[in-house]
Amino acid sequence: MKILTSLGILLFLNVILVTCQAMGHHKFVVRDAPFTKLCSAKNILTVNGEFPGPTLYVTKGESIIVDVYNRANYNITIHWHGVNQPRYPWSDGPEFITQCAIQPGGLFSQKVIFSEEEGTLWWHAHSDWSRATVHGAIVIKPKPGNTYPFPMPDREVPIILGEWWKEDIVQVFNNFETGGGDPVVSDAYTINGQPGDLYNCSNNETFKLNVEHGKTYLLRMVHAGMQDLLFFAIAQHQLTVVGSDGSYVKPFKVDYITISPGQTMDVLLEANQPLDRYYMAAKVYSSASNVAFDNTTTTAILQYKKGKHIIPSFSSRTPHMPSLPSSNDTNASINMISQMRSLADEAHPIDVPLNITTNLFYTVSVNTLPCSTCEGSHIPGNRLAASVNNISFQLPSGNNILNAYYNHLQGVYTQDFPDVPPELFDFTSSNLSTFLRTPSVDTEVKVLEYGSTVELVLQGTNLLAGTEHPMHFHGHSFYVVGWGFGNFDKDKDPFTYNLVDPPYQNTVAIPKNGWVTIRFKAQNPGVWFMHCHLERHVSWGMAMTFIVKDGKNPEEQMLPPPRDMPHCQNIQSLIQKLESFFF
């Protein structure tokens, strides 16, 4: 009997081992770590002590487990940006939307389900502003036996664009919240965690990429910055864009890219220039009037080598600098959205919804709300706010929408989110009445029937400050079928749609005082957040939530929650009080 029991235990352990190996297991330890940049030292929140955090390498269609240990003094959540998580919103990550935070000392084993995505995505914290330092790339390789739809590069390199404050980011966020105005601008942008040598006291803080002449490099670009779109270029080198947001596109060459916060791009770099040193550089594109921004340039260095050695004759030369557009060049900012097309071939088919069952029209605006104590606002008696369809989204407290939806709890949210804005006006006019600025403040969701085909027009407004809005949709990728400047014209603009090979994205930037039309099929049951990826805007309320109902068949229904879902803080406190009372 003992022998049989032992054999049973060994067989059980072997099954567990094989399952873990097959699924892929990763360990993320969230903790503070000391970093010094720009001659200023501070502790920052990290994963495994790294900034940026570790890159995850997976295969298309794979599922993995990421054990997230919170060893910090702050609550944390982790979001897998662009991973649609079919039927499994429980690991999606946005705080108070699909989960409550992992509290200090806690552990949440997040199952991450990859399905149609292939290329580059990323992961990041999704609680307060902790994603400023808690983020990293995700590389999704083709399934075995498949290859890239472009020549195999000689090397692949993640390039993560980030943002750095000398001040503690928690303090930056707290001051922003209580002040009611714009946040203090960052002290630097970064490339792979380094500001570059154009900043004071940063000569040794520059990422360097060594390349060999004649070889091709796949740069996996991630914009992890918090506040603005960026222009990026490499001196005297063209870039070939081959993918974005975990989907391939028809290759096209550019001298620079425009990339939004939250967006990813796959670009090919051909090392075909004279042996020398060349700057990679990124700077902000910001079109909003009277809004301060980090007007600096972050750099990395591309340097040619011969064999294993940098050529000594130019190792000390000042690198060549690329020419980047002006920080307010709106026409330059649309160079990506105007050229992207899906591959739409036999190996990479697309399925653009043509028969639309649900038409939605959402305005996105910067607003104001009354606040007599907000000393940081430049509008006396008010604080800055933001909205979708004139509703400033309010996160629930003490619970999350997914838990409330799954367990049929009342009082957490309402299902009243409107299909069109409550008041129609000339959205992009330069002389809008001030009474239009005040939104309602609510936790409202839009419920979609399973299988419905949705067309959503996202319209920017000029209410307080017209600017770009990179909108990110959790749980779904979508086809960007149209865009333009000014007000959307429902009678004319649909005739300009691209329904043949539109790009397949999860994040799209609405042009300044313009519009974007996206289409998707609601076939991922669950609760899914949609929000602007400019952190100040989502903090002000430029967000909303979709609920996609279950379908009729079992494979069309949401999976049950894991057993280790983090408890909400007030629920956990109640449990502790009950335990202390009874035990």
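Numerical summary
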item	result
Contour excess over end-to-end distance, with Cα ends at residue 339 and residue 43 and 0.36 nm allotted per residue	102.4 nm
In sequence order, calculated HN-Hα J values of the range 62-78 (Karplus, 6.51, -1.76, 1.60; Hz; x Gly/Pro)	7, 10, 10, 10, 10, 7, 9, 9, 9, 10, 9, 9, 10, 5, 8, 9, 10
R0 of 41 Å, Cβ-Cβ distance residue 557-residue 252: FRET efficiency to nearest 0.05	0.50
Positive-end residue of 475, 139, 448, charge dipole of the chain with Cβ unit charges	139
The range 358-548, dipole about Cα centre (Lys/Arg Cβ +1, Asp/Glu Cβ -1), debye to the nearest 20	220
Which labelled figure in (i) 28.7; (ii) 24.3; (iii) 31.6 is mean projected area of the Cα convex hull in nm², once derived from the coordinates	(iii)
Förster radius 35 Å - calculated FRET efficiency between residue 59 and residue 394, Cβ distance, rounded to 0.05	0.30
Percentage, to the nearest whole number, of Cα pairs in the range 424-576 over 28 Å apart	32
J(HN,Hα) series, the range 502-519, from Karplus relation 6.51 cos²θ - 1.76 cosθ + 1.60, nearest Hz, glycine and proline x	x, x, 10, 10, 10, 9, 9, 8, 6, x, 4, 6, x, 9, 9, 10, 10, 10
Kirkwood Rh, angstrom, the range 15-147 [1 / mean 1/r, Cα pairs]	15.4
Helix-only mean residue ellipticity at 222 nm for the chain, each DSSP H run of n ≥ 4 adding -39500 (n - 2.57), per residue, nearest 500	-3000 deg cm²/dmol
Whole-number D in µm²/s for the range 150-345 (Stokes-Einstein; Kirkwood sum over Cα pairs; 37 °C, 0.692 mPa s)	185
Sulfur and carbon atoms: percent of accessible area, the chain [1.4 Å]	51
Per residue accessible area in Å² of the chain, where ligands, DNA and RNA are left out and the probe is 1.4 Å	42
Of 253/283; 141/250; 42/305; 446/490, those spanning more than 25 Å from alpha-carbon to alpha-carbon	42/305
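The values are calculated or read from the model by the stated rules, or taken from the named source; none is laboratory data. Remember, it's a predicted structure, so these values are computed and weren't measured experimentally. Here the Cβ is made from the backbone with ideal geometry for all residues, glycine too, and neighbour counts use every protein chain on show. Accessible surface areas use protein heavy atoms only, side chains included; no ligands, DNA or RNA. Shrake-Rupley method; radii C 1.70, N 1.55, O 1.52, S 1.80 Å.
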